[in-house]
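Student: So that we are looking at the same thing, I have put the structure below in structure tokens.
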Amino acid sequence: MLDSYIPIFIIITISALFAIVNVKLSSLLGPSRPSKEKLSTYESGVEPVGTAHDRFSVKFYMVAVLFILFDIEIVFLYPWAVSFLNLDHIKMMYSFYSVIVFIVILLVGYIYVIKKGALKWD
Amino acid sequence: MKFDLETVLFFSLAVLAVGSAIMMITRRSPISSALFLILNFFTVSGLYLLLKAQFIAIIQVLVYMGAIMVLFLFVIMLLNLHDEGKLKEKYTYRKLTAVLLSIFLFCLLGFTVYFGFEGKFKVMSEKALTMGTAESLGVELFSNYSFPFELASFLLLAAIVGAVVLAKKKFE
């Protein structure tokens with residue numbers, strides 16, 4: 001059972017090591033001679049004002065929330081897509097119509113979002 | 001207790017999960033809290049895999065580590081973190097209630113797990129081995145559980161409307 005996950009383990013280990021080793025190696029091997037100019041944010045640009053920890057517009061959050069909700073809609077369709085051809089005819093049509101109903105209900109939400117202009121960016 | 005690969009994996013994942021959860025709630029910087037939460041989601045996904053719930057494990061990675069974490073990071077961006085005094089909890093009785101409720105929940109879960117499952121379920125049934133795949137989940141979801149499936153769409157619809165209403169003042 002667990003044997004089938006060995007390739008995944010290997011690829012996770014390699015990718016984790018690749019990331020860590022590269023970051024550590026570049027800081028170990030690279031020369032470090034900091035100066036006042038090098039440490040400034042923009043060496044020959046405008047001096048930054050304030051900090052990066054500003055509050056952002058709620059529009060970003062709206063896009064993220066709506067993305068997740070429609071993402072979850074797609075998550076429900078994965079099992080359907082995988083099992084659809086293995087069902088017998090009656091169950092096939094039944095699952096087809098239940099997915100249609102599911103999508104139509106969420107389409108109402110999508111139209112609401114568009115009508116409210118929640119994704120407008122100005 | 002058998003000392004095989006699965007046991008070793010379970011205990012290392014469990015220790016990592018609890019450790020990253022503790023790290024998450026004790027970090028000062030909200031960003032490092034969020035990163036420890038990602039580690040926690042990852043270990044929990046590993047635990048799902050050990051329970052042969054493959055589909056949930058993948059969804060845990062895709063939805064929680066991918067999407068929900070983006071949401072958390074956006075919330076951190078929306079917060080005003082300059083003024084830490086505003087974020088401090090002033091009411092100590094609230095903290096006390098939280099501690100008492102947490103202890104109560106912990107005891108409840110502990111007793112249920114200990115007395116309910118202790119000694120049972122030593123061997124995983126044959127059916128459980130394939131139950132967690134996307135395919136068998138789909139067969140069940142679209143035959144026996146199609147009504148809860150449709151209800152899930154209403155839940156998502158409510159969440160969509162709720163999200164738009166909460167941020168409505170900014171639009172129009």
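All of the numbers you see were taken from the coordinates with simple rules; none came from a lab. Bear in mind the structure is a predicted one, so any value in this text is a computation, not a measurement. Neighbour counts are summed over all protein chains in view; Cβ atoms, including those assigned to glycine, are modelled from backbone coordinates with ideal geometry.
Student: Got a sec? Which residues in region A:87-120 would a label at B:LEU78 touch, if it sits 7 Å along Cα→Cβ and we count backbone N under 15 Å?
Tutor: Label zone hits: A:118-119.
Student: Also, quick follow-up: Using the Karplus curve 6.51 cos²θ - 1.76 cosθ + 1.60 with θ = phi - 60°, work out ³J(HN,Hα) for each residue of region B:138-150 in order, rounded to whole Hz, and write x for Gly and Pro.
Tutor: Once rounded to whole Hz, the list reads x, 4, 5, 5, 9, 10, 7, 10, 6, 5, x, 4, 5.
Student: Expressed in nm to one decimal, what extension gain is obtained for the pair A:ILE8 and A:ILE114 from 0.36 nm per residue of sequence separation less their Cα-Cα distance?
Tutor: On the way: separation 106, 0.36 × 106 = 38.16 nm, distance 4.05 nm.
Extra length available between A:ILE8 and A:ILE114 comes to 34.1 nm.
Student: Could you work out the mean count of beta carbons from other protein chains within 10 Å of each residue's beta carbon in A:77-88?
Tutor: Working: counts 1, 8, 12, 7, 3, 8, 11, 4, 1, 4, 4, 0.
Rounded to a whole number, the mean comes out at 5.
Student: Name the most mobile residue of B:GLY66, B:GLY46, B:GLY132, meaning the one with the largest mean-square fluctuation, in a Gaussian network model of chain B with Cα contacts below 10 Å.
Tutor: In the Gaussian network model the winner is B:GLY66.
Student: For the protein assembly as shown, give the magnitude of the charge dipole about the Cα centre (Cβ charges: +1 Lys/Arg, -1 Asp/Glu; no others), in debye to the nearest 20.
Tutor: On the way: 25 positive and 20 negative charges, 204 e Å.
With Lys and Arg at +1 and Asp and Glu at -1, about 980 debye.
Student: Here's a follow-up. Counting only other chains, what is the mean number of Cβ atoms within 10 angstrom of the Cβ of each residue in peptide A:102-110?
Tutor: On the way: counts 9, 1, 1, 7, 6, 2, 4, 10, 2.
Taking all residues of A:102-110 together, the mean is 5.
Student: Using a Gaussian network model of chain B whose springs link C-alpha atoms within less than 10 Å, name the residue from B:VAL99, B:VAL15, B:VAL44 with the highest mean-square fluctuation.
Tutor: B:VAL99
Student: Now for a different question. Any idea which of B:VAL161, B:LEU108, B:SER125 is furthest toward the positive side of the dipole for region B:104-163, if Lys and Arg beta-carbons carry +1 and Asp and Glu beta-carbons -1?
Tutor: After comparing all options, I get B:LEU108.
Student: Turning to a different aspect of this structure: With charges only on Cβ, +1 for K and R and -1 for D and E, what is the dipole size of chain A about its Cα centre, in debye, rounded to 20? Don't skip to the end; give the middle numbers.
Tutor: On the way: 10 positive and 9 negative charges, 58 e Å.
Value, rounded to 20: 280 debye.
Student: Then there's this: Please compute the length gained on full extension between A:ASP71 and A:SER26, using 0.36 nm multiplied by the number of residues separating them and subtracting their Cα-Cα distance.
Tutor: Extending this stretch completely gives an extra 12.5 nm.
Student: Taking a cut-off of 30 Å, what percent of all Cα-Cα pairs in the protein assembly as shown are separated by more than that?
Tutor: Working: 23270 of 43071 pairs.
So the pairs more than 30 Å apart make up 54 percent of the total in the protein assembly as shown.
Student: Mind ordering A:74-86, B:22-34, B:144-156, A:26-38 by average Cβ neighbours within 10 Å, highest first?
Tutor: On the way: A:74-86: 16.3, B:22-34: 13.2, B:144-156: 14.8, A:26-38: 7.2.
In descending order of packing, they fall as A:74-86, B:144-156, B:22-34, A:26-38.
Student: On to the next question. Classify chain A from the C-alpha gyration tensor, please: rounded if a/c falls under 1.5, else prolate or oblate depending on whether a/b exceeds b/c. All intermediate terms of the calculation are to be shown ahead of the outcome.
Tutor: Numbers: a/c = 6.20, a/b = 1.50, b/c = 4.12.
Because a/c hits 1.5 or more and a/b fails to exceed b/c, chain A counts as oblate.
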